[in-house]
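Student: Quick one: the structure is below, questions incoming.
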Amino acid sequence: PFKESKGGLLSGTSLEECKDAVGFDNNENEPSVSITVVGASGDLAKKKIFPALFALYYEDCLPKHFTIYGYARSKMTDAELRTMMFVVYLDEVPMFIHGENCDEKMEQFLKRCFYHSGQYDSEENFAELDRKLKKHEGGRVSNRLFYLSIPPNIFIDAVKCASLSASSGNGWTRVIVEKPFGRDSESSAALTKALKNYLDEDQIFRIDHYLGKELVENLSVLRFSNLIFEPLWSRQYIRNVQLIFSEDFGTEGRGGYFDNYGIIRDIMQNHLLQILALFAMETPVSLDAEDIRNEKVKVLRSMRPLQLEDMVVGQYKSHTKGGVTYPAYTDDKTVPKDSLTPTFAAAALFIDNARWDGVPFLMKAGKALHSKRAEIRVQFRHVPGNLYNRNFGTDLDRATNELVIRVQPDEAIYLKINNKIPGLGMRLDRSNLNLHYAARYSKEIPDAYERLLLDAIEGERRLFIRSDELNAAWALFTPLLKELEEKKIIPEYYPYGSRGPVGAHYLAARYKVRWG
Ligand code: NDP
Ligand code: BG6
């Protein structure tokens, strides 16, 4: 159905036609929401933000009166923006194709999408956008959400112009900001200060898309609504916790950005640290955003700043396998040949509070490794006086329980237990109590961006980063990052597609840990 009618749709639709299509009724007072994606011509907008908005629309989660605007410098018509979104819908997001009435919904959705071309530092161009938004809003209470999907050096210009020229006059105005939030404590504080010249803290939604992942959100449910986990959640029973992120591809296409940040800033200081804070926090007073964020800040402020001796850095080098040559990080033309930027890092972190004293939290993050996965692994202590230890010979590690929360891919939560092998005699093995999401839940898991966009529209701040959290996170990593850069620490080189530097194993072994 969509393909048949796409000629009309993609070649432009008048505002009146759009209003008809969505049953726009000027006589009722339900507020409108305008979502402006600033940087609409970019990679993130195309691949994540617009598809997530469509998915929300498909699930009937967007407010009745919504309009989506793309804003960027590139010249584009409304029809061209819609074509771009449609091509992604057809080619790159196969999950949408399966839904019932999907094409029809897409057709309706695209009628609500528009484009305005403008500079990021032009109040006049944002004032033009404001005029267009007002027409769509039709005089009702107008709420406005701006999604800054642009490089960080233009955040402030865009925030300034959007807030001065295109804020809502009678509803809320919120701004979603994408990482990176600075490079260190100072630049992050400067960014926060500049944002606060134009916005209140409660208007700023700092996104960390890992907080929108299903299994990360489920962490608190797992802990606080199951009697069997929370009593074990401490140094008394947990030996170590591992937070693992690995990708089986390099920085292809993003080398320019990446070289200025490196894996520690790109993944550890935000995604993995956020998971750690949620994992380790005390029970919040309530599920209110401020109560949860208060507890996360306490964890971060109880942590020891990272030490150089507790960190291993690596960089991938070229590797030939099966006749295919995979590039080195420095083969990327946008990366300097002598770059020391880490594409891999492993670290041991410690929380100096009563619950976690002495428990190593090991993080490992890397690009161009042998697999793609994000996992939390919790290794429990040995059973004291375990009658069955002899079944494991001297390899006591194998006898301990391990809880694995596989964030992606193929979401799952499983607990490794010791079990008797059925039959005569007494032999044990390790088996899994397994909650495999695909087998248990038939519904597709929403993309993190869907959840986060919906939360921002609904004003739910639980999954966004507050400025004090951000400061605490940078305080942990900044001294180490400075030291790595000042001392020009040479990364350990590892072949593309390998398991990463062996140094990571020595680091873990120092804390009697074996990576899962
Ligand atoms: P892009 O580099 O694609 O930039 C987005 C748009 O910003 C471009 O289409 C371009 O639009 C404009 N732009 C780019 N460079 C400049 C410049 N130097 N001066 C002015 N305008 C510029 O970024 P992404 O879409 O990849 O990412 C957007 C934001 O999201 C960034 O902050 C990034 O760090 C973050 N992010 C991205 C992820 C990803 O997977 N891509 C993942 C997580 C975070 P035009 O020329 O039309 O104005
Ligand atoms: C981004 C990083 O924040 O997360 C990227 O900048 C990384 O380098 C990406 O590839 C991973 O996200 P996901 O959701 O694909 O695991």
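The values are calculated or read from the model by the stated rules, or taken from the named source; none is laboratory data. Please read these numbers as outputs of a predicted model, since none were measured by experiment. Cβ placement follows ideal geometry from the backbone for every residue including glycine, while neighbour counts extend to all protein chains displayed. Just so you know, the surface numbers come from the protein's heavy atoms only, side chains and all, with ligands and any DNA or RNA stripped out. Shrake-Rupley method; radii C 1.70, N 1.55, O 1.52, S 1.80 Å.
Student: What span do the alpha-carbon atoms of the range 78-185 cover on each of the three principal axes, reported in whole Å from largest to smallest?
Tutor: 43, 42, 23
Student: In straight Cα distance, which aspartates and glutamates are under 14 Å from residue 298, not counting same-chain residues fewer than 8 positions off?
Tutor: Output for residue 298: 282, 290, 352, 468, 469.
Student: Once each part is reduced to its C-alpha centroid, what is the distance from the range 279-294 to the range 395-448 in angstrom?
Tutor: 28
Student: Moving to a separate point now. State, to one decimal in nm, how far the label point of residue 202 lies from the label point of residue 100, with both points 7 Å from Cα in the Cβ direction.
Tutor: That separation, rounded to one decimal, is 4.0 nm.
Student: To continue, here is another question. Could you tell me whether the range 33-76 comes out rounded, prolate or oblate from its Cα gyration tensor? Rule is a ≥ b ≥ c as square roots of the eigenvalues, rounded for a/c under 1.5, then prolate if a/b exceeds b/c, otherwise oblate.
Tutor: oblate
Student: Going by Cα centres, the range 247-274 and the range 163-230 are how many Å apart?
Tutor: Result: 19 Å between the Cα centres.
Student: Give the percent of DSSP beta bridges with both residues in the chain that are antiparallel, rounded to the nearest 5.
Tutor: That works out to approximately 55 percent antiparallel.
Student: Here's another thing I want to ask about it. Quick one: if the Förster radius is 25 Å, what FRET efficiency do residue 286 and residue 254 give, using the C-beta to C-beta distance and rounding to 0.05?
Tutor: Efficiency computed from Cβ-Cβ geometry: 0.05.
Student: So what is the accessible area of the chain per residue, in Å², with the probe set to 1.4 Å?
Tutor: For the chain, the solvent-accessible area averages 44 Å² per residue.
Student: Using 0.36 nm times the number of residues separating residue 387 and residue 436, minus their current alpha carbon distance, what extension gain do you get?
Tutor: Gain in length upon complete extension: 14.5 nm.
Student: Let me ask something additional. For a paramagnetic label modelled at 7 Å from the Cα of residue 29 toward its Cβ, which residues of the range 121-145 fall within the zone defined by backbone nitrogen distances under 13 Å?
Tutor: The answer is 140-142, whose backbone nitrogens lie closer than 13 Å to the label point.
Student: Could you check how much of the accessible area of the range 81-234 is carbon and sulfur, as a whole percent, using a 1.4 Å probe?
Tutor: It is 52 percent, rounded to a whole number.
Student: Give me the percent of the accessible area of the range 248-394 that comes from carbon and sulfur atoms, probe 1.4 Å, all protein chains in place.
Tutor: 53
Student: For an R0 of 41 angstrom, estimate the FRET efficiency from the Cβ-Cβ distance between residue 127 and residue 512 and round to the nearest 0.05.
Tutor: Efficiency, rounded to the nearest 0.05: 0.10.
Student: Can you run the Rg to Rh ratio on the range 462-516? Use alpha carbon positions and the Kirkwood inverse-distance Rh.
Tutor: Value, to two decimals: 1.10.
Student: About the Cα centre of the chain, how large is the charge dipole given +1 on each Lys and Arg Cβ and -1 on each Asp and Glu Cβ? Please answer in debye to the nearest 20.
Tutor: Once rounded to the nearest 20, the dipole reads 1880 debye.
Student: Another one. Considering the convex hull of the alpha carbon atoms of the range 139-244, report its projected area averaged over all viewing directions, in nm², one decimal.
Tutor: The orientation-averaged projected area of the Cα hull of the range 139-244 comes to 10.3 nm².
Student: Calculate the spin-label point distance for residue 490 paired with residue 371, positioning each point 7 Å from the Cα along the beta-carbon direction, and give it in nanometres.
Tutor: 3.2
Student: At q = 0.22, 0.27 Å⁻¹, what base-10 log of I(q)/I(0) does the Debye formula yield for the range 410-490 when every alpha carbon is treated as an equal point scatterer in vacuo?
Tutor: -1.02, -1.17
Student: Restricting things to alpha carbons, tell me how big the chain is in terms of Rg and Dmax, in Å.
Tutor: Just the Cα atoms of the chain yield Rg and Dmax of 24.8, 82 Å.
Student: Taking the Cα atoms of the range 290-443 alone, what are Rg (to one decimal) and Dmax (as a whole number) in Å?
Tutor: Over the range 290-443's Cα set, Rg and Dmax evaluate to 20.9, 64 Å.
Student: On to the next question. Below 8 Å, C-alpha to C-alpha, sequence gap of six or more: please give me the relative contact order for the chain in percent.
Tutor: 16
Student: Whenever you get a sec, compute what percent of the accessible area on the range 452-495 sits on carbon and sulfur atoms (1.4 Å probe).
Tutor: Carbon and sulfur: 55 percent of the exposed surface of the range 452-495.
Student: Within the set 46/75; 213/488; 317/364; 75/111; 364/482, which residue pairs have Cα atoms separated by over 26 Å?
Tutor: Over 26 Å apart, Cα to Cα: 213/488.
Student: Just read off the accessible area of residue 47 with the full protein assembly in place, 1.4 Å probe, to the nearest 10 Å².
Tutor: Approximately 100 Å² of residue 47 is accessible to the 1.4 Å probe.
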